[in-house]
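Worksheet: one structure, shown below.
The values are calculated or read from the model by the stated rules, or taken from the named source; none is laboratory data. Bear in mind the structure is a predicted one, so any value in this text is a computation, not a measurement. For neighbour counting, all protein chains shown are included, and Cβ atoms are generated from backbone atoms with ideal geometry for every residue, glycine included. What goes into the accessible areas is simple: the full protein's heavy atoms, side chains included, and nothing from ligands, DNA or RNA. Shrake-Rupley method; radii C 1.70, N 1.55, O 1.52, S 1.80 Å.
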Amino acid sequence: MERMIYLDNSATTPLSAAAKEAMLFAMETFGNPSSLHPAGQAARRVVETAREQLLACLGQRPRQKNGMLVFTSCGTEASSLALFGAVYAKERRTANRILTTDSEHPSVGRVMDQLEKRGFEVIRLSTRSGVLSADELEAALDRPILLASFMLVNNETGAVYDVGKHFRRIKAAYPDAVTHCDAVQGFMKLPFTPASLCADLISLSGHKLHAPKGIGALYIAEPLLKAKRIVPFLHGGGQESGMRSGTENVIGIAAFGAAAEDARRRGDALRQSLCDLRDYAEEKLSRLELRINRPAGERAPHILNVTLPSIRSETMLHALSADGIFVSAGSACSSHAKTHSQSLLAFGLSVADADCSLRISFSEQNTRADIDALAEALQQNLARLVRVR
Ligand code: PLP
């Protein structure tokens, strides 16, 4: 292949130099972090350094922490631990109602389906045009809430939901309600802390920010832990303070910490460069015969979704791939399911438009030249494919 322009960074990102360097060091630090000898303790230091780095990214200062971070195998596992863990911790729970949105990633959406089958009342609040319905939330507060799980950034539309405002409203009505946020797409793309989100539980994933696949984390607020209002589902050696047994993925953990620390050091400049790229892409693409699915409220700096004029996304995806440009026809996870994108339908797209939509997602490794190449390839393929349609 002559060139590769990678514009599918919401599916996964290439490894950063910082992550690679941390992985190389961790590969040599081969001890088991639970071993008491120096080889084990060296690996323990790698794990704890990464934990501190990630907690710092969540605005937690050493010795002033309001919660802990549990390493998991991915963002999906973090959300399963959060949701099943919180729901089954409350033996004598009085509430049975769970709130979520109609556009969650399957790692939350499918768990909600399971909980519903097991007798919980699940209410899916609408997110039309990328805005979580405050009216539907208000109406759902007529009974006590057991749990609420809202994502921070939608992985397909880039819509940012006002999680902090909605969680504060829920807690004001029902202080016992547990709040979980899937922040996998928002971490280090938007500034937030557990307090700003009013979240007891926050899911994170390494491979969306230039660490490898197979490492995630769940932030758990201290009061939840103290009151034993979350229980583990992996039992065994008691690693991760008993919340997630299993020998730690030291290499992945080291890379996750280093990649997050790298993003933290660049802070606002990094976010601004992503916003500039997105705005540049939006301006260029708006000149083409396609529609940009722009969320009505706040939007993430790294995701753009567009609908093509009656050209199926897969057709355009393959045409662009042949030109060395990689984008997505919906989320990478939903592409296995071969169903229509629930997020796009929830956004308000028709089934036909959802089938003709592409997601373009950036990282700081992309340049304006990448966007120029995308715009040119889209323009040529639009002309060609409209003709053969
Ligand atoms: N949540 C969101 C919003 C995502 O976009 C993804 C992955 O695409 C996940 C959760 C799952 O993360 P992981 O791939 O680490 O399981």
Checked 87, 46, 70 against criteria (under 24 Å from residue 235 (Cβ atoms), away from the ligand (no atom under 16 Å from the Cβ) and in contact (Cβ under 8 Å) with a residue 60 or more places away in the chain); the one match is 87
Any residue at all in region 58-75 that is open to solvent by less than 50 Å² (accessible area, probe 1.4 Å), assigned to a helix (DSSP H, G or I) and either over 30 Å from residue 349 (Cα atoms) or at pLDDT below 95 (or both)? no
Among the residues of region 16-46, what is the count of those that are closer than 13 Å to residue 210 by Cα and either surrounded by 18 or more Cβ atoms within 10 Å (Cβ to Cβ) or of a type in the set (Val, Ile, Thr) (or both)? 5
What strands (runs of 3 or more DSSP E), lying completely within region 112-222, carry at least 3 residues that are free of Cβ contacts under 8 Å to residues at least 60 places away in the same chain? 121-125, 145-151
In region 300-329, which residues are over 20 Å from residue 370 (Cβ atoms) and either assigned to a strand (DSSP E or B) or out of contact with any helix residue (DSSP H, G or I) (no Cβ under 7 Å at 6 or more places or on another chain) (or both)? 307, 310, 312, 314
Can you name the residue in region 330-354 that is open to solvent by 40 Å² or more (accessible area, probe 1.4 Å) and assigned to a loop (DSSP other than H, G, I, E, B) and is also modelled with the highest pLDDT among such residues? 350
Residues of region 240-262 being out of contact with any helix residue (DSSP H, G or I) (no Cβ under 6 Å at 6 or more places or on another chain) and buried (at least 20 other Cβ atoms within 10 Å of the Cβ), which ones? 240, 243, 244, 249, 252
Selection from region 90-106 of residues open to solvent by 10 Å² or more (accessible area, probe 1.4 Å), out of contact with any strand residue (DSSP E or B) (no Cβ under 7 Å at 6 or more places or on another chain) and within 15 Å of the ligand (Cβ to nearest atom) yields 106
From 299, 294, grab the single residue that is away from the ligand (no atom under 16 Å from the Cβ) and under 24 Å from the mean Cα position of the chain (by Cα). 294
Within region 79-86, is there a residue that is surrounded by fewer than 17 Cβ atoms within 10 Å (Cβ to Cβ), outside any strand (DSSP E or B) and out of contact with any helix residue (DSSP H, G or I) (no Cβ under 7 Å at 6 or more places or on another chain)? no
